[in-house]
Amino acid sequence: MVELKIEGMSCMHCVKAVTEALSAVPGVTTVRGVDLEHGTAAVDGAPEPAALVAALQAAGYQAEVGG
Ligand SMILES: [Cu+2]
């Protein structure tokens, strides 16, 4: 599991966009939790952490890996 901190989510649309962006990253098997209130997410699988961050940036959100 990889945990992420995500800045910029403000509504359920953002949660959906983040979920879709993370789902598309190679190596991600499950997007487990995208938490709007806390600005966190977790994915299962073995993705490149940098690829997760890059995918979120492409979707318009600043992110960093780590709980
Ligand atoms: Cu939103």
I need the full set of residues from the stretch 1-54 which are in contact (Cβ under 8 Å) with a residue 24 or more places away in the chain, closer than 17 Å to Gly66 by Cβ and loosely packed, with under 13 Cβ neighbours inside 10 Å, in order please. Met1, Glu7
So for the stretch 26-39 (the condition being of a type in the set (Lys, Arg) and at pLDDT 95 or above), does at least one residue qualify? no
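Here is a yes/no grid of residues against (1) within 13 Å of the ligand (Cβ to nearest atom); (2) within 8 Å of the chain's Cα centre (by Cα):
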| site | (1), (2) |
| --- | --- |
| Leu4 | no, yes |
| Gly8 | yes, no |
| Cys14 | yes, no |
| Thr19 | yes, yes |
| Gly27 | no, no |
| His38 | no, no |
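The values are calculated or read from the model by the stated rules, or taken from the named source; none is laboratory data. Nothing here was measured: the structure is a model prediction, and the numbers come from that model. Positions of Cβ are generated from backbone atoms using ideal geometry, with glycine treated the same way; all protein chains shown enter the neighbour counts.
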